[in-house]
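The values are calculated or read from the model by the stated rules, or taken from the named source; none is laboratory data. In this text, all values refer to a predicted model and were calculated from it rather than measured experimentally. Here the Cβ positions follow ideal geometry from the backbone for every residue, glycine too, while neighbour counts run over all protein chains shown.
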Amino acid sequence: MKELNLGKSSIAAVLAGTFAFSNPTIAAVDIIKIDGSSTVYPITEAVAEEFQIETGIKVTVGVSGTGGGMKKFCRGDTVISGASRPIKAKERKKCAEAGIEFIEVPVAFDALTVVINPKNDFATEMTPAELKKIWEPAAQGKMMTWSQVREGWPDIPLKLYGPGADSGTFDYFTEAIVEESKAIRGDFTASEDDNVLVKGVAGDKGGMGYFGLAYYAENKDKLAAVKVQNSEGKFITPSMETVQDGSYNPLARPLFIYLNATKAAFDPNVRKFIDFYLKYAGELANEVGYIAFSDDEYAAITAHYKGSKTGTAFEKPAIGLSVKEMLKRAAAN
Amino acid sequence: MAKIAIKAKNNNDLSEIRALIKKHKKNDLIFAATGMFVIASLTITLLILFLDLVIDGYPRFTLDFFSNFPSRRALKAGILSAWIGSSLVLIVTFFVAVPLGIAAGVYLEEYAKKNWISDLIEINVSNLAGVPSIIYGLLALGLFVYSFGLGQSILTAGLTLALLMLPIVIVSTRESIRAIPVHIREAAFAVGATKWQVVINHVIPYSYGGILTGVIIGMARAIGETAPVITIGALTFIAFLPPSPISTSAPFLNFEWLEAAFTVLPIQMFNWISRPQHAFHVNAAATGAVIIVLTALMNGFAIRLRYKIRKKIKW
């Protein structure tokens, strides 16, 4: 377990606290600056909205994407960064160079949902191997009809829709299905706006795509969700229940916020905000279309953050970890 | 023409001339009809787009929509921080790009020596007008945000959009100066005016119309820009306003708002359109309609101004 290293500013903060009678104000940030993933944004927006109403402390949230947000976070521009995938080795190096330590906090689950056109009545159940066959780079220009995916399926052209390469959704899907991050065929329709993918699949009998559960939940009349085979060999429909009990794998993915460890340890306003975040994350995550952890899990996460345990659970890539496993691995690194 | 006329005279054949005139008149008609068709299809496309937005966004045209901050509840969410942010950014853009653009245009046209350097600058300025806006965003991120330390502020955004608008203003200034007849200038010089007097009393006032056209096009481009503003770090959720530019005590103006964090209308719209819930799409449509109305109002004002100025010019 790695304890938080005391940086210059934190020593100053401790000193300021020690001589509280002469200098009673520990420098608290005026505005809590948050940036990062557009996927995590709805939860953070909801928390920020409620927090600001309750405490009057100002919070701003930007949407630069997971990667763009990390850049700002590792330069110290922001104190919290939303991420729809774990921090990458390259980003960890940037943070380390700038002397910024981070605490990794999972906040909710999202279920990546593979969708097909409702008129498609054959491909309602698929295995990860079949998905890989469709999406892997080698499929480019070759895997063009449904009949090639499984014998007996009709000879309908396969039309693929997926998020663009900048998205964390794309990173996770390729890691979980193709088993190599960012490896995918080039000949599919990509869009950063998931509603475009919804329209594409809804208007095309041979269409197939993937995105977060919320986009499927809002368009159930236009799309059908594919039951994906899990590690026990069962075909599981993505839903709140199947994600919560862990049976929907490997496509259930955790969403994170990364905390600037020094600020999270010593800045009273930031602490207040994170406490508030973890207290309401579950409730608000469900409200905006994600899947909450259990109360026990949130309690474990809170203890993890209060212990200032820095580092990530994902120094080696891992798919389908439970919250407790994530925290254990993060604390061990 | 003369040849035809002579030929016709010789042959006493007026019907040939009439046929020719008829044919040319027909060409006139065809051209007018084509022009009409093009204009109509453009206007109708815009109108349909606008109507579509209005119909989709209609339920959200309430006072609350303009006076509420963004929210996770679509029906409670509003564009207060966005329209104030957009307005303040555009004010900065206007006050930076217009004087600089006109000054640069006047200098290049009236004062600069015509040599390879001015040719190079001319080519560059024209090219700048075609550079993708994201490039300006990246430039501004490096220059304004980090090198000059202006931060992710309204000032940075205003300056960035001003850069985007500058080439348009410069080019239109030069074009409209060029259109002023030489004899106006010569007359002024003849009665003993200096170059500066000619420029300030004649050249600039007479070219206001053309300059304003450039300003209109530039501002219309600036209001809809998203990419460069996101690059320099405009926010999506911000539920407080920048400090007021007008204060109750002397000196009555303060410029703290220049350093404030902000969001703008297109960003708010983009965020809502990419949300899964349909209620947010309604908000996005309403925001789109607001952007179009704002642009139309701005253009309308400028066109009216241009009309008034043109009426005053007597050559």
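Before moving on, here are some points about what is shown:
- Residue match in the range A:152-164 (condition: within 14 Å of chain B (Cβ to nearest Cβ) and either in contact with a Leu (Cβ under 8 Å, 6 or more places away or on another chain) or of a type outside the set (A, V, I, L, M, F, W, C) (or both)): yes
- Taking helices (runs of 4 or more DSSP H) as the structural unit, those lying wholly within the range B:197-315 and holding at least 2 residues that are over 30 Å from A:Met70 (Cβ atoms) correspond to B:204-224, B:278-312.
- Of the helices (runs of 4 or more DSSP H) lying entirely inside the range B:62-176, the ones with 2 or more residues being touching a residue at least 24 places away in the same chain (Cβ under 8 Å), within 18 Å of B:Glu256 (Cα to Cα) and in contact with a Phe, Trp or Tyr (Cβ under 9 Å, 6 or more places away or on another chain) are found at B:80-106.
- Index of the failed condition, A:Gly246 passing every other in (1) in contact with a Gly (Cβ under 6 Å, 6 or more places away or on another chain); (2) at positive phi: (1)
- Residue list for the range A:118-130, filter: closer than 24 Å to A:Lys234 by Cβ and outside any strand (DSSP E or B): A:Pro118, A:Asn120, A:Asp121, A:Phe122, A:Ala123, A:Thr124, A:Thr127, A:Pro128, A:Ala129, A:Glu130
- Matching option when the condition is out of contact with any Asp or Glu (no Cβ under 9 Å at 6 or more places or on another chain), within 14 Å of chain B (Cβ to nearest Cβ) and modelled with pLDDT of 50 or more, among A:Asp30, A:Asp35: A:Asp30
- Selection of the range A:131-189 for residues being closer than 26 Å to A:Asp110 by Cβ, assigned to a helix (DSSP H, G or I), over 17 Å from the mean Cα position of the chain (by Cα) and not basic (Lys, Arg) yields A:Leu131, A:Ile134, A:Trp135, A:Pro137, A:Ala139, A:Val178.
- Filtered residues of the range A:255-311 (kept if in contact with a Lys or Arg (Cβ under 7 Å, 6 or more places away or on another chain) and of a type in the set (Ser, Thr, Tyr)): A:Thr310
- Test: A:Ile87 is modelled with pLDDT of 95 or more and surrounded by 19 or more Cβ atoms within 10 Å (Cβ to Cβ): no
- Of all residues making up the range A:211-222, the number that are under 22 Å from A:Gln244 (Cα atoms) and either part of a loop (DSSP other than H, G, I, E, B) or away from every other protein chain (no Cβ under 14 Å) (or both): 3
Residues are listed down the side, and each one gets a yes or a no for (1) among the aliphatic types (A, V, I, L, M); (2) away from every other protein chain (no Cβ under 14 Å); (3) at positive phi:
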site	(1), (2), (3)
B:Thr43	no, yes, no
B:Leu51	yes, yes, no
B:Val54	yes, yes, no
B:Arg60	no, yes, no
B:Ser67	no, yes, no
B:Ser71	no, no, no
B:Gly78	no, no, no
B:Ser81	no, no, no
B:Ile84	yes, yes, no
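- Residue satisfying all of: in the range B:83-128; in contact with a Pro (Cβ under 9 Å, 6 or more places away or on another chain) and among the β-branched types (Val, Ile, Thr); modelled with the lowest pLDDT among these: B:Val125
- Selection status of B:Ile44, modelled with pLDDT of 95 or more and outside the structural domain of B:Ile200 (by TED's automatic domain parsing): yes
- Here B:Ile230 meets the list (1) within 11 Å of another protein chain (Cβ to nearest Cβ); (2) at pLDDT 90 or above almost entirely, failing just condition (2).
- Of the residues making up the range A:304-325, those that are over 15 Å from A:Leu259 (Cβ atoms) and of a type in the set (A, V, I, L, M) are A:Ala318, A:Ile319, A:Leu321, A:Val323.
- Every residue from the range A:225-239 that is surrounded by fewer than 19 Cβ atoms within 10 Å (Cβ to Cβ) and in a loop (DSSP other than H, G, I, E, B): A:Ser231, A:Glu232, A:Gly233, A:Lys234, A:Thr237, A:Ser239
- Qualifying residue in the range A:240-263 (condition: more than 14 Å from chain B (Cβ to nearest Cβ), more than 21 Å from the chain's Cα centre (by Cα), at pLDDT below 95 and buried (at least 18 other Cβ atoms within 10 Å of the Cβ)): yes
- When the range B:257-289 is limited to residues that are within 19 Å of A:Thr60 (Cβ to Cβ) and aliphatic (A, V, I, L, M), the one that is surrounded by the most Cβ atoms within 10 Å (Cβ to Cβ) turns out to be B:Val264.
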